[in-house]
Amino acid sequence: MRGRLASIGAEESLLSEGWNLILTEPGACAVPHDIPLSAQFIPAPVPGTVAAALEKAGLFDRENPEPLNTRDAWYLCRLFDAEPGDAILRFAGLATLCHVFLNGQEILFSESMFTAHEIPVTLSGGDELALCFRALGPRLSEPGPRARWRPQMITPAGLKNFRTTLLGHMPGWCPDIHAVGPWRPISMVRRHPVSMDNVSIRAVLEESGVGRLSVSLHSNAEDPAMLLRCGGMEQPFEKVGDSHYSAILKLSDIEAWWPHTHGAPRLYEPTLVSDGLEYPLGRTGFRRIDIDRGADGDDFALLVNGERIFCRGAVWTTADIARLPGGRADYEPFLRLAAAAGMNMIRIGGTMAYETPDFFALCDELGLLVWQDFMFANFDYPRNDKAFL
């Protein structure tokens, strides 16, 4: 199993309170200052969507949804509690064409619902953060690169030009509720003078039955004393490059992670110890995944820890198509039902949306394998777009 952490030891605070939503006509307001004082301000949850905010205010009926991609959606928040100084604004997901302003100055333009951003800023105190989600509907009729084929399930065809979920755009298959807004958390990060970043974790079960845990990271500390602990054993980190450190811990007496239909989904809790302080690295399991092509090379079967697994499960859509939530409490009822029904695999299809670490942590705990598609199913890849590639 693999994992990646953005940083360790930094102070991260969610910017989830005090947001208001204002809907305007497309292009009517270029900057936050253009928003008329007479505009209707609607309290908005963040992370959340326009649909969720309007539904909570009694202005949206998910059983008879109105288009949500025909107007610009502004999210405004005053950062009253933020201390002046340097910080990083972290945006985990913005759906979809989004301009971000800090004190009236644009600091980010995002064109992908699936891209996270970290923007260094200098706060002065009482700063205003504004997000403008431009109406996607009028853009869908714009010409783009010619496609080799046109998916019949998805309308309109212009969606192929934008990196957004197809939920809400598949008539007859799901409600026409469009994904608009800061659907993943917004947070403010204050880094410590000494930081540990780009933490990468990999746990592998070797054929001999030995568990191999590899952790690498970057640290700007001078000669840091770091240990990796797991399963009652520990291993010092070694410097392998400029500010780059790595540790490999081998665990001989390990219990493998299994799909719950074939065994126990055993998980371990690795810990990083740096200068005497302990930093949990989440939970991980040790397993081995292989593909069995059969004697003639034309077969396809999944081997987990050397055992052939018959995968049975379902395609995951979302816990709530209006809210697109990402919390453990939203996922847990559905995933527990899936495990209780005898499923051992969940597929996140390429027409849906990526889920949060809480989703995968629950699947790990419940012994559910996850088949993860790239969010671009049924469309041509824009091979001439260097930024996309």
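Computed values, structure above
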item	result
Degrees, to the nearest 10: 328-340 long Cα axis against longest axis of the chain	50
Of all accessible heavy-atom area on the range 293-380, the percent that carbon and sulfur account for (1.4 Å)	57
At R0 = 30 Å, FRET efficiency that the Cβ-Cβ distance of R347 and D299 yields, to 0.05	0.90
Net +/- balance of residues flanking Y331 in space, Cβ distance below 10 Å, scoring K and R +1, D and E -1	-2
Segment A57-L337, extension gain: residue separation times 0.36 nm, minus the distance between their alpha carbons	97.7 nm
Leading residue at positive end of dipole, the range 19-138 (Cβ point charges), from G125, F60, P32	F60
In degrees, nearest ten, helix 357-366 long axis to first principal axis of the chain (Cα)	40
Cα-centred dipole magnitude for the range 347-389, charges only on beta-carbon of K, R (+1) and D, E (-1), debye, nearest 20	260
Surrounding net charge for L123, when Lys and Arg each add one and Asp and Glu each subtract one, Cβ distance under 9 Å	-3
Sequence-distant aspartates and glutamates (8 or more away, or on other chains) whose Cα lies within less than 14 Å of K250	E206, E207, E234
Helix-derived mean residue ellipticity, 222 nm - over the chain, DSSP H n ≥ 4, -39500 (n - 2.57), to 500	-2500 deg cm²/dmol
Electrostatic dipole magnitude of the chain [Cβ: Lys, Arg +1; Asp, Glu -1; Cα centre; debye, to 20]	960
Rounded if a/c under 1.5, otherwise prolate or oblate - the range 197-277, Cα gyration tensor axes	prolate
Full-extension gain in nm, N64 to D385, via 0.36 nm per residue minus C-alpha separation	111.8 nm
Most to least packed among 298-304, 177-183, 110-116 [average Cβ atoms within 10 Å]	177-183, 110-116, 298-304
Prolate/oblate/rounded call for the range 310-351, Cα gyration tensor, a/c under 1.5 rounded	oblate
Descending principal axes extents, the range 1-72, alpha-carbon based, whole Å	46, 35, 21
Label-point separation in nm, D223 to L277, each point 7 Å along Cα→Cβ	2.0
Under 13 Å, Cβ to Cβ, from P156 - net charge with Lys/Arg +1 and Asp/Glu -1	+1
Candidates V46, V240, V215, ranked by Gaussian network fluctuation over the chain, Cα under 10 Å, top entry	V240
Lys/Arg +1, Asp/Glu -1 at C-beta; the range 95-160 dipole; positive extreme among L108, G137, T155	T155
Gyration tensor verdict on the range 239-369 (Cα atoms; rounded if a/c is under 1.5, prolate if a/b is larger than b/c, oblate otherwise)	oblate
Computed lengthening from I248 to D197, 0.36 nm per intervening residue step minus Cα-Cα distance	16.6 nm
Whole-Hz couplings from phi, Karplus 6.51/-1.76/1.60, listed for the range 288-294; x for Gly and Pro	10, 10, 9, 10, 9, 8, x
For Cα extents along the principal axes in Å, calculated from these coordinates, the label among (1) 78, 50, 43; (2) 68, 55, 42; (3) 91, 45, 42	(2)
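The values are calculated or read from the model by the stated rules, or taken from the named source; none is laboratory data. What you see is a predicted model, and the numbers here were worked out from it, not measured in a lab. Virtual Cβ from ideal backbone geometry, glycine too; neighbours counted across all protein chains shown. Each accessible area value is taken on the protein alone, full model and side chains, heavy atoms only, with ligands, DNA and RNA left out. Shrake-Rupley method; radii C 1.70, N 1.55, O 1.52, S 1.80 Å.
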